[in-house]
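Asks: What follows is a single structure, and I will ask about it in a moment.
The values are calculated or read from the model by the stated rules, or taken from the named source; none is laboratory data. Predicted model only: the values in this text are computed from it and were never measured. Cβ: placed from backbone, ideal geometry, glycine included. Neighbour counts: every protein chain shown. Only protein heavy atoms, including side chains, enter the accessible area calculation; ligands, DNA and RNA are left aside. Shrake-Rupley method; radii C 1.70, N 1.55, O 1.52, S 1.80 Å.
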Amino acid sequence: MSMSLIAALTLALCGPEPAQLVEWSSLPQWPQPHGMAGPAAGVHHDHLIVAGGANFPDTPLWEIPKHWHDSIHVLALPDGQWEQLTTTLPEPNAYSVALTHPELGVVMVGGRDGKSHTASSRLIQFDGATCTFQPLPDLPTTLAYAAGVLIGDTVWVVGGQPDADTPVASNRLFSLNIKSPTEWSEHAAMPDDGRILPVAGTQLGQLFVFSGCALVDGEREYLADAWRYTPSTDTWTRAADMPAPASAAPSPALQAGHDMLIVISGDAGLTISQTNILKDDHPGFVDDQHVYCATTDTWRSGGAFPRQDPSGQAWPDNSTWPVVTVPTVPWGDAYIIPTGEMRPRVRSTHVLVATPMLPAGALLTLDWIVILVYLVVLIAMGFWFARREHTTDDFFLAGRRIPWWAAGISIFATGLSAITFMAIPAKAYATDWLYFVQSMGIVFVVILVAWLFLPFYRRLKLTTAYEYLERRFSLPVRLLASAQFMLAQLGRVAVVVFLPALALSAVTGTDVYLCIVLMGVLSIVYTVLGGIEVVIWSDVVQAIVLFGGGLLAAGIMIAGIPGGLGGAIEQASAADKLHLVNLGTDWTQPVLYVVLLGTLFNNIIPYTSDQAVIQRYLTTPSERDAKVALWVSGILAIPASIVFFGLGTLLWAFYKAHPESLAPLGAVDQILPWFIVNELPAGVSGLIIAAVFAAAMSSIDSSMNSVSTAFTTDFWRRFKTDVDEAVALRTARWATVVFGVAGTGAALLIASMDISSVLDLWFKVLGLFASGLCGLFFLGIFTQRPGTAAALSGLAVSAFVNFAIGYWTDVNVLLISTFGVVSCVVTGMLVGMFAPGHGKVEGLTLASRPPAE
């Protein structure tokens, strides 16, 4: 198929432009005849607080001066009534920076009282009856008409006008941690001559500044430029210019998804006489909603400001115009825009609520048919292989009849989970190729494993890896290690099922709980029927489909990028998106030595101590076949890494060229599924989404079968040596069902909890187990003196070291496994010097390998 034909097919299948990105509603109208411009506003204890502001009396004639207010109004959310408090601000104030801290209340910085500007800062808090003020340190300068954002607990304030009587704009940047407010810090200034009334926003931990007005000879020059500030490096970089100026637009900009900002309305500097300003048909301020993507550095239209209220009626009092000079107030997933200026000297009385939407993709009927067929095929494979499962050796090891190429693909696919399929392209899309070295490191790891570890697993005729630990150390070490593995697998299943279910739910519109249950139930059915054999062959199918789908997606992306592959590489290089190596020394960052150590230890852990991987080594007819299978898995990692990192870069280039096709997404891991659902041909989308489901199910079925193997072999059969083979097989199948239900239930539990905190906790707890287990195998194979006491001591110290490093340091997560393995081995060797083991080690260490098969 020619590239032009692919491009035409892509455009035909893209579908309509995404739906409106902001849903509008309203709260009770402002209780006075005229609204406010420049009030301080925020939410505290479920009450909207609006303090101060400026407006004009009933007749907006030019000779009547602006009124400056110190009043405070509160509104109980969501359905209360406005109340004016007897408490007032210490002085009238408008055009301050107003931000909402989720715990501490409303931060109010600077402003103007009608005569002069102020440097004062304060927290406004509502106790249910009245407002109180907590003083904060004064700014280093008086300031009004500035913009600001909250990043964590730190307030950032930029731009503005220091002096009411001097038409000079500021380019200075200040910050203050309001949980420990000692004094304001000053940072690198914006690389311009300053601006007033800019719009600030924050995404990806960075500060963005859009538009505003420069003051040139006392006159306003309307700006459309945009800037990005990175706090960690104290540097500014130029971002893509806005489509048009949007000075004084409601600020901060609305956060939409994980990397987008929406700028609503704004003043573009229309030149109109004073006479026209007072006419009802004056166009007012711009009604566009501009959407900025921080990842691709592009703008797209988000539609127009609503010309009717949420009930479908036209706004009354000719107030159909968008508003400016008003803060946006975060309230749950929405933002409140309380009153504001809708035309020069005219204030709105509407209190609007803007809710950024996360559009869901929609699979077509053909896609669902393909998904259904794919899942039915998996179940049919379970029934097919069930005919060959007569013993536990069949169920756990496939009778050792798996060909080397299938075992190799399965080992590769075991690491290629649905998370990997989505996360690697997402990482390259959002950042660069720094982690490419880690993926390529598998090639080196398989050499070590094939030479040093594999012979022990094969020649000792093991069913589980933990049988080796009993022979080398003792039964308690085997049981502890096996139990630790099973608990870790329970958590792993919960996470690797929940994350893809969440992403697939977001882009297909399918309920996340339904996705989890569907994957769990189907995995249980075909794994119980076909054992490890169906697990391996389903791995082969899903690896082929995912890899092929990735190549097809890459082709369609290339067809849609100006200049094709060469254009994508050129753009990515210019944006430093192909960066491979960071030669720094900071161990909190993915610098080269951190990535290399992470490459070695993060890859060697599953290849040496994870039963789900090791079990594949044991399914081939011979040790030689197992070694070749390992080599196949390592070699496959090379093109796979190139394809999946390349997909991320191509996604970036594609959406940079087509920003209108990209909608706000809840997480960066949803970017590839979003492309699959919205850009690939019908049927093909369904096939790849089905393979993503299958990849997630592959994680479940691998864990189910390996945990069933560990339970049956290391516990149940270890103490029931004379059990009938049919009973043992039945027990293994019931263990599969129980663990499958438990893993699915754990995923459902995570889905109902605080996702980020659960996942952060899980990945740290995972380090407590996996690296220590790997350390035990290193200790057993490479040393001779350490015994049971040394092994248990090493395991305990490894857990403590991982816990301490994970919770009390900022070390890069890639290094945690390194510390875990090394601390286990070093501790075991030290203890072994003083308390050596007394068991036989002949044929169990590198010094005396077991005889060949």
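Asks: Against the longest principal axis of the chain, how steep is helix 788-808, in degrees 0 to 90 to the nearest 10, with axes from Cα atoms?
Replies: Taking the Cα atoms of the chain, the angle to 788-808 is about 10 degrees.
Asks: Rank these by accessible area, largest first, 1.4 Å probe: GLU221, GLU623. Write out the running numbers ahead of the final one.
Replies: Details: GLU221 90, GLU623 15 Å².
Largest accessible area first, the residues go GLU221, GLU623.
Asks: While we're on this one: For each pair in LYS461/LYS627; LYS115/LYS179; LYS66/LYS115; LYS461/LYS720; LYS720/LYS840; LYS577/LYS656, compute the distance between the two Cα atoms and list the pairs where it is over 23 Å.
Replies: Details: LYS461/LYS627 16 Å; LYS115/LYS179 32 Å; LYS66/LYS115 11 Å; LYS461/LYS720 19 Å; LYS720/LYS840 25 Å; LYS577/LYS656 13 Å.
Over 23 Å Cα-Cα: LYS115/LYS179; LYS720/LYS840.
Asks: Additional query: For an R0 of 30 angstrom, estimate the FRET efficiency from the Cβ-Cβ distance between SER301 and ASN582 and round to the nearest 0.05. Kindly include the intermediate steps, with their values, before the conclusion.
Replies: Details: r = 37 Å, r/R0 = 1.23.
Here the calculated transfer efficiency is 0.25.
Asks: In the set (i) 1.14; (ii) 1.19; (iii) 1.09, which value of Cα Rg over 2.2 N^0.38 Å was calculated from the structure you see?
Replies: Label of the calculated value: (iii).
Asks: With n ≥ 4 as the cut-off for DSSP H runs, can you work out [θ] at 222 nm for the chain, using -39500 (n - 2.57) per run divided by the number of residues, rounded to the nearest 500?
Replies: Details: 22 runs with 377 residues, N = 853.
Computed ellipticity for the chain at 222 nm equals -15000 deg cm²/dmol.
Asks: With a Förster radius of 41 Å, plug the Cβ-Cβ distance of THR809 and ARG459 into 1/(1 + (r/R0)^6) and report the FRET value to the nearest 0.05.
Replies: Working: r = 41 Å, r/R0 = 1.00.
For THR809 and ARG459, the calculated efficiency is 0.50.
Asks: Sticking with the crude label model, points 7 Å out along Cα→Cβ, report the distance from GLU183 to VAL168 in nm, one decimal please.
Replies: Result: 2.2 nm between the two label points.
Asks: Let me ask something else. Quick check for you: with a 1.4 Å probe and neighbouring chains kept, what is the accessible area per residue of the chain, in Å²? Intermediate results must be reported in sequence, preceding the final value.
Replies: Details: 32050 Å² over 853 residues.
Spelled out: the 1.4 Å probe surface of the chain, per residue, equals 38 Å².
Asks: Here's something else I'd like to know. Got a number for carbon plus sulfur as a percent of the chain's accessible area, 1.4 Å probe?
Replies: Values: 19990 of 32050 Å².
Answer for the chain: carbon and sulfur cover 62 percent of the accessible area.
Asks: Let me ask something else about it. Note down the nm distance, to one decimal, between modelled labels 7 Å out along Cα→Cβ at ARG849 and at LYS720.
Replies: Placing both labels 7 Å along Cα→Cβ, they lie 3.8 nm apart.
Asks: With the Cα gyration tensor of the stretch 452-547 giving a ≥ b ≥ c as the square roots of its eigenvalues, does the rule (a/c under 1.5 for rounded; else a/b larger than b/c for prolate; else oblate) give rounded, prolate or oblate? Before the final figure, lay out the partial values.
Replies: Numbers: a/c = 2.74, a/b = 1.91, b/c = 1.44.
Because a/c hits 1.5 or more and a/b exceeds b/c, the stretch 452-547 counts as prolate.
Asks: Hey, another quick one. With a Förster radius of 25 Å, plug the Cβ-Cβ distance of SER26 and ARG345 into 1/(1 + (r/R0)^6) and report the FRET value to the nearest 0.05. Write down the numbers at each step before the final one.
Replies: Working: r = 23 Å, r/R0 = 0.93.
Once rounded, the FRET efficiency stands at 0.60.
Asks: Using the Cα centre as the reference, give the magnitude of the dipole from point charges on the C-beta atoms of the chain (Lys, Arg: +1; Asp, Glu: -1; all else neutral), rounded to the nearest 20 debye. Please list the in-between numbers first.
Replies: On the way: 42 positive and 66 negative charges, 772 e Å.
So the magnitude is around 3700 debye.
Asks: How long is the gain from LEU366 to ALA682 if the chain were fully straight, where each residue apart is worth 0.36 nm and the alpha carbon distance is subtracted? Can you show the working numbers first?
Replies: Numbers: separation 316, 0.36 × 316 = 113.76 nm, distance 0.63 nm.
Fully extending the segment from LEU366 to ALA682 adds 113.1 nm.
Asks: Sticking with this structure for a sec: For the charge dipole of the chain, defined by +1 on Lys and Arg C-beta atoms and -1 on Asp and Glu C-beta atoms about the Cα centroid, which residue among PHE133, LEU551, ALA51 has the Cα displaced farthest towards the positive pole?
Replies: Of PHE133, LEU551, ALA51, it is LEU551.
Asks: Among THR463, VAL97, PHE485, whose Cα projects farthest towards the positive end of the dipole of the chain, with charges put on the beta-carbon of Lys, Arg (+1) and Asp, Glu (-1)?
Replies: So the residue furthest toward the plus end is THR463.
Asks: Also, quick follow-up: Which order do TRP384, TRP368, TRP156, TRP808 take by accessible area at a 1.4 Å probe, largest first? List each step's numbers first, then the result.
Replies: On the way: TRP384 140, TRP368 110, TRP156 20, TRP808 170 Å².
Correct descending sequence by accessible area is TRP808, TRP384, TRP368, TRP156.
Asks: Measuring from label point to label point, each 7 Å out along Cα→Cβ, what is the GLU842 to ARG785 span in nm?
Replies: 2.2
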